[in-house]
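Novice: This structure is in structure tokens; I'll ask about it shortly.
The values are calculated or read from the model by the stated rules, or taken from the named source; none is laboratory data. Every value quoted in this text rests on a predicted model; they were computed, and no experiment measured them. Ideal geometry is used to build each Cβ from the backbone, glycine not excepted, and the neighbour counts take in all protein chains shown. All accessible areas refer to the heavy atoms of the entire protein, side chains included, with ligands and DNA or RNA removed. Shrake-Rupley method; radii C 1.70, N 1.55, O 1.52, S 1.80 Å.
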Amino acid sequence: MTPAAGPAPERRPLRVAVIGAGPAGIYAAEALAGQDDVPVAVDLIDRLPTPFGLVRHGIAPDHVKMRALRDTLHHTLDHERVRFVGNVEVGVDISLDELRRHVDAVVYTYGAAGDRRLGIEGEDLPGSMPATTVVTWYTGHPDADRAGVEAVLARARDVVVVGVGNVALDVARVLTRCPAELEATDMPQHVLDVLAAAPVERVTVLGRRGPAQATFTTQELRELGHLQAATVLVDPAQVGEDPDPVDRAVARNLATMRGWADHTEEPGKASLRLRFYARPVRLLGTDRVTGVEVERTAVDADGRAVGTGEVEVLPADLVVRSVGYRGHPLPGLPLDERSGTVPHEDGRVLRDGVRSPGEYVAGWIKRGPTGVVGTNKHDARETVHSLLDDVAAGALTVGGPVDDLVDTLAARGVGAVLLSQWQSIDAAEVALGATRGRPRTTLHDRAELLAAARTAQAAEAAQTAEAIG
């Protein structure tokens, strides 16, 4: 008599690695974990010990309500199907090929952290830097060039910010805030101290086209009008009635700027000037930036800025370019050098024009640096929809048994920061803020972040030893 067959072994869930724990990555993990058609186990990998990406290290700290988005994003980290794996850099701690052997699919969501250049003479002089350098400094990014930024700010009376997007306004606003306005933020203490001591008197924001072509939002623009220690200045002639039909957002921007048209410089206050129809053509100086040669422009019939040949020099101790972000290649992953994005079809990565099984992309590295934080939610869902369709079609399947990623990393001495360790970092930041009467103070030093993470590891080891004993 043939013995009855035992129960079939339970099939393991589909293993998915999401590279990048910013909004796009977290929204992708949320979409995967929130569906019931395909059992999944998601590893949310980030090279930093902390999650949230640009919500933590991109949104200006004085945007307190916007930064509170991380409280919403944190719900996904708590999901039983999601594991945060921080302090792991793909391409350094583990190769992409090796990672793919540990999982069934990879979703690339590591963003576009590079900056675009102006391409003008003098751009590499000390005192000239991309907005990314300033932003990472004032948000407490572990990789920030603290010494470089602080050395320039110590003598910066005149600042020129090139660009008229939201990030350009963030930089201009933060540099002209008074200490009382920043005290309630989660900025690292050294950032608050440096900004309080910085001698900034004049900030000029340059736009190569007109105010109707500026890309900042009305909400961001209006915040400038509430600065306690700075006066916003605009040229009335540049923000007069636009003879052409404009959309509502442009109309609101123009109305806001017209409200500042009668402003004049005020003694004891910094000035923040919005200047349009001007483009930098050369940065001046020998051992550091001392000025910007600016050419007056006009907008042609195609909406392009064209030079008029009329130039002048603006004094500048610091020049910040904020003319866009671009993605960088991940070792082993294709990248379109022109667009700075990964080639894809509905979120499916293309290699040499052909779909690469088990590889997907979402966020800025998929579509370019456009949209707001919430745009990533729809974008990630589109990519996850493609992934799930591939499972249903049999194009993506669960492979054989593989070693656990975290165990493999630990065996080679790579200490991944998991959720409990991140929670320990989070608690340490809240505690540090409380010592100064603030809700939170960001830990900016990687060694300090990892030391806070080890507090949780030590507590867990002690609990395990007690249970065994």
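Novice: Which residues does a label at D78 reach in region 33-55, if reach means a backbone N under 16 Å from a point 7 Å past the Cα toward the Cβ?
Specialist: Output list for this probe position: 34.
Novice: Sticking with this one: Report the gain in length on full extension from A392 to R304: 0.36 nm times residue separation, minus Cα-Cα distance, nm rounded to one decimal.
Specialist: Full-extension gain reported as 27.0 nm.
Novice: Among the DSSP beta bridges whose two residues both lie in region 198-293, what percent are antiparallel, rounded to the nearest 5?
Specialist: So the antiparallel bridges amount to about 25 percent of the total.
Novice: What FRET efficiency comes out for R282 versus R12 if R0 is 56 angstrom and r is the Cβ-Cβ distance? Round to the nearest 0.05.
Specialist: My answer for the efficiency is 0.40.
Novice: With angles folded into 0 to 90 degrees, how steeply does helix 446-468 sit against the dominant principal axis of the chain? Use alpha carbons for both and round to 10.
Specialist: The two axes meet at around 20 degrees.
Novice: Sticking with the crude label model, points 7 Å out along Cα→Cβ, report the distance from Q219 to R454 in nm, one decimal please.
Specialist: Distance between label points: 4.1 nm.
Novice: Taking a label point 7 Å from the Cα of D404 along the Cα→Cβ vector, which residues of region 83-97 have an amide N closer than 15 Å to it?
Specialist: Label zone hits: 83-86.
Novice: How much solvent-accessible surface does Y110 expose, in Å² to the nearest 10, with a 1.4 Å probe and all protein chains in place?
Specialist: Counting only protein heavy atoms, the figure is 60 Å².
Novice: Using only the Cα atoms of region 108-263, construct the convex hull and provide its projected area averaged over every direction, in square nanometres to one decimal. Can you show the working numbers first?
Specialist: Working: hull surface 45.0 nm².
It is 11.3 nm².
Novice: If you count only protein heavy atoms and use a 1.4 Å probe, how large is the accessible surface of W260, to the nearest 10 Å²?
Specialist: Approximately 20 Å² of W260 is accessible to the 1.4 Å probe.
Novice: Report the charge-dipole magnitude of the chain in Debye, nearest 20, computed about the Cα centre from +1 at each Lys and Arg Cβ and -1 at each Asp and Glu Cβ.
Specialist: Magnitude of the dipole: close to 380 debye.
Novice: I want the antiparallel fraction of DSSP beta bridges within the chain, as a percent rounded to 5.
Specialist: Once the DSSP bridges in the chain are tallied, antiparallel ones form about 35 percent.
Novice: To continue, here is another question. What does the charge dipole of region 44-175 about its Cα centre add up to, to the nearest 20 debye, if the Cβ of each Lys and Arg holds +1 and the Cβ of each Asp and Glu holds -1? List each step's numbers first, then the result.
Specialist: Numbers: 15 positive and 19 negative charges, 78 e Å.
Taking the Cα centre of region 44-175 as origin, the dipole is about 380 debye.
Novice: Using the Cα centre of the chain as origin and beta-carbon charges of +1 (Lys, Arg) and -1 (Asp, Glu), tell me which of A270, V306, V292 is placed farthest towards the positive end of the dipole.
Specialist: A270
Novice: Assuming R0 = 22 Å, what is the FRET efficiency of R446 and R155, from their Cβ-Cβ distance, to the nearest 0.05?
Specialist: FRET efficiency, R446 to R155: 0.20.
Novice: Roughly speaking, what is the centre-to-centre gap between region 414-431 and region 162-206 when only Cα atoms are used, to the nearest Å?
Specialist: 28 Å
Novice: Treating only the Cα positions of the chain as identical point scatterers, give the base-10 log of I(q)/I(0) from the Debye formula at each q in 0.05, 0.11 Å⁻¹.
Specialist: The Debye formula, applied to the Cα set alone, gives -0.22, -0.96.
Novice: Here is a further query. If each of A251 and V430 carries a label point 7 Å out from its Cα toward its Cβ, how far apart are those two points in nm?
Specialist: 4.6 nm
Novice: Tell me, what is the Rg over Rh of region 185-323, with Rh the Kirkwood radius over Cα pairs?
Specialist: On the way: Rg = 16.4 Å, Rh = 16.7 Å.
In region 185-323, Rg relative to Rh is 0.98.
Novice: Separate question: Note down, for region 316-469, the three equivalent ellipsoid semi-axes (square root of 5 times each alpha carbon gyration tensor eigenvalue), biggest first, whole angstrom.
Specialist: Rounded to whole Å, the semi-axes are 36, 28, 15.
Novice: What is the helix-to-structure angle for 166-176, meaning the angle in degrees between its Cα long axis and the longest Cα principal axis of the chain, kept from 0 to 90 and rounded to the nearest 10?
Specialist: It is inclined by approximately 60 degrees.
Novice: Right, here's the next one. To the nearest 500 deg cm²/dmol, what mean residue ellipticity at 222 nm is calculated for the chain from DSSP H runs of n ≥ 4 alone, each contributing -39,500 (n - 2.57), summed and divided by the residues? Before the final figure, lay out the partial values.
Specialist: Values: 17 runs with 161 residues, N = 469.
After summing the helix terms and dividing by residue count, I get -10000 deg cm²/dmol.
Novice: Would you please name the trypsin sites (Lys or Arg not before Pro) within region 284-347 that are DSSP coil residues with at most 10 other C-beta atoms within 10 Å of their C-beta?
Specialist: Answer in residue order: R338.
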